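Worksheet: one structure, shown below.
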Amino acid sequence: MAGMETAAVETPRERMRMAMSGGRPARVPVMCQMSIGHMLLQSGARPEELWLDEDCLAETLRVLRARYSFDGILVSLHGHFRDWSRKAVDIIRDGQGTRIRWADGSETFFPPDDLPQHRPSREIPRPSIADFDPAGLPEEPEYIPVSQGLRFALDPGNLTGLIGRLRQGEGGRLSIHGEVTSPLDYFLDLFGFAEGFLALVEEPERSMAVLMRLGEGVARLAARLARAGADAVKISSPYAGAGFLSPRHYRKFVAPPEALIAAAVRAEGVFVYTHTCGRIGDRLELLAGTGISGLECLDPPPLGDVDLKNALARIGGRLFIKGNVDPVHTLLFGSGELIEADVRRRVALAAPGGGFILSTACSIAPRTPAENILRLAAAANSGQVY
């Protein structure tokens, strides 16, 4: 009708930016982290290509994001080597997955529903913390310590290529998030888990020097991701919860190096948030004190110990919250009715105060039915407004 103005449609990127700023967009944004196993099972991609090939990962992230109507894409792996296949001596594919033998004598098995399993050609000796010189560490990380000794090597010439292409390819409509790993993870990967945790107690000063050096390097990498076009950078910090460290040790060993990362990202005008699994109910304020913009996971019982209402009372208004739907008992095994009721309850609790992004607490489990994720997104998109 002549004379009437049409309201501008809110884009997913604008919706996420508003929520990460602590505001209230037109509806609650939805963005879940997908496990490698889930992406494999839902995309049909070859397991080695999803892991090693930037083109395959980019297309899988785009397709599944669109299928689930998420408002953003998380880039957990970046820095792919374009010539990875040239380093392979033999590639064997069968019904169990893909096995690659590499030129250096190592071997990697890529299952069809989980993270790769890598066997090095020889056992790499671990350094001793007692005589370790932090100055010998590289200026920036050369790999991502993924899990259980699994490393994702980074191509220094292509550290931010995937973020740049997703930003450009989606026309600026989506919220693109990068990811870096906590200095504590690099520390434990370097010295070993048992030896690393013992070092924090037996050699606290030298351990702290190593952690701060690692923090400086991760901060440089995080700033690169921010400058490449990321709307936010996630700090993956899975070993900073109560299952591994006391609040006192978190304050001493985790908070200072992660604060370096937060400061570097925010200096680029980009949001930064921490992902910590498990029980963190005793350290919400400590996490907020690192200078981050938001907090992810907030695992509810029985996976963790965070009650959303309690968390909102303690850190709501200081940080945006991304979570906290139980990815196992609710999304993997729950009925459609349970999922919808759970989403409505969390939105009703968190939405009025602003700064809330609906998400699974941790990653979507590999065998989570696609229809359950669609239920979650639909429940948030249908009338669940601020």
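Readers should treat all values here as calculations from the given coordinates under stated rules, not as data from a laboratory. Predicted, not measured: the structure shown is a model, and the values here were computed from it. Counting neighbours? That spans all protein chains shown, and the Cβs are built from the backbone with ideal geometry, glycine included.
Each part gets one Cα centre, and for segment 87-158 versus segment 174-233 those centres are 18 Å apart. The charge dipole of the chain, taken about its Cα centre with unit charges on the Cβ atoms of Lys, Arg (+1), Asp and Glu (-1) only, comes to about 940 debye. Given a Förster distance of 45 angstrom, what is the FRET efficiency for Asp307 paired with Ala103, based on the Cβ-Cβ distance and rounded to 0.05? Calculated value: 0.30. Between Ala267 and Arg151, the modelled label-to-label distance comes to 2.7 nm, taking each label 7 Å out from Cα in the direction of the beta carbon.
Go ahead and estimate [θ] at 222 nm for the chain from helices alone: -39,500 (n - 2.57) per DSSP H run with n ≥ 4, summed, over the residue count, rounded to 500. Working shown, then result.
On the way: 13 runs with 142 residues, N = 386.
Dividing the helical sum by the residues of the chain leaves -11000 deg cm²/dmol.
Estimate the FRET efficiency between Glu142 and Glu285 by the formula 1/(1 + (r/R0)^6), using the beta-carbon distance for r and 25 Å for R0, to the nearest 0.05. Each step should come with its number before you reach the end.
Values: r = 34 Å, r/R0 = 1.36.
Once the sixth-power term is evaluated, E becomes 0.15.
In a fully extended conformation the segment linking Ala66 and Val89 would gain 4.6 nm over its present Cα-Cα distance, using 0.36 nm per residue. Sorted on the mean count of surrounding Cβ atoms within 10 Å across their residues, most packed first, peptides 103-113, 117-127 read 103-113, 117-127.
What ranking, highest mean first, results for peptides 313-321, 192-200 when packing means the other Cβ atoms within 10 Å averaged over each residue?
Values: 313-321: 19.0, 192-200: 16.9.
Taking the mean over residues of other Cβ atoms within 10 Å, the ranking is 313-321, 192-200.
Couplings for segment 99-110, taken from phi via the Karplus curve 6.51 cos²θ - 1.76 cosθ + 1.60 with θ = phi - 60°, read 10, 10, 9, 9, 4, 7, x, 7, 9, 10, 9, 10 Hz in order; Gly and Pro are left as x.
Would you list Lys322, Lys252 from fewest to most Cβ contacts within 10 Å?
On the way: Lys322 30, Lys252 16.
Lowest count first: Lys252, Lys322.
One chain, two ends: Phe193 and Phe81. Fully extended at 0.36 nm per residue, the span grows by 37.5 nm beyond their Cα-Cα distance.
Near Val272, the amide H atoms lying under 5 Å from its own belong to Val233, Ser293, Gly294; only residues 5 or more places off or on other chains count, and H is placed 1.01 Å from N. Looking at the square roots a ≥ b ≥ c of the eigenvalues of the Cα gyration tensor of segment 80-213, which shape do they give, rounded for a/c under 1.5, prolate if a/b is larger than b/c, or oblate? Oblate is the answer for segment 80-213, as a/c is 1.5 or above yet b/c matches or exceeds a/b. Labels on offer are (i) 72, 49, 41; (ii) 63, 59, 36; (iii) 62, 49, 42, and the one holding Cα extents along the principal axes in Å computed from this structure is (i).
Neighbour counting of Cβ atoms within 10 Å sorts the residues Asp231, Asp133, fewest neighbours leading, into Asp133, Asp231.
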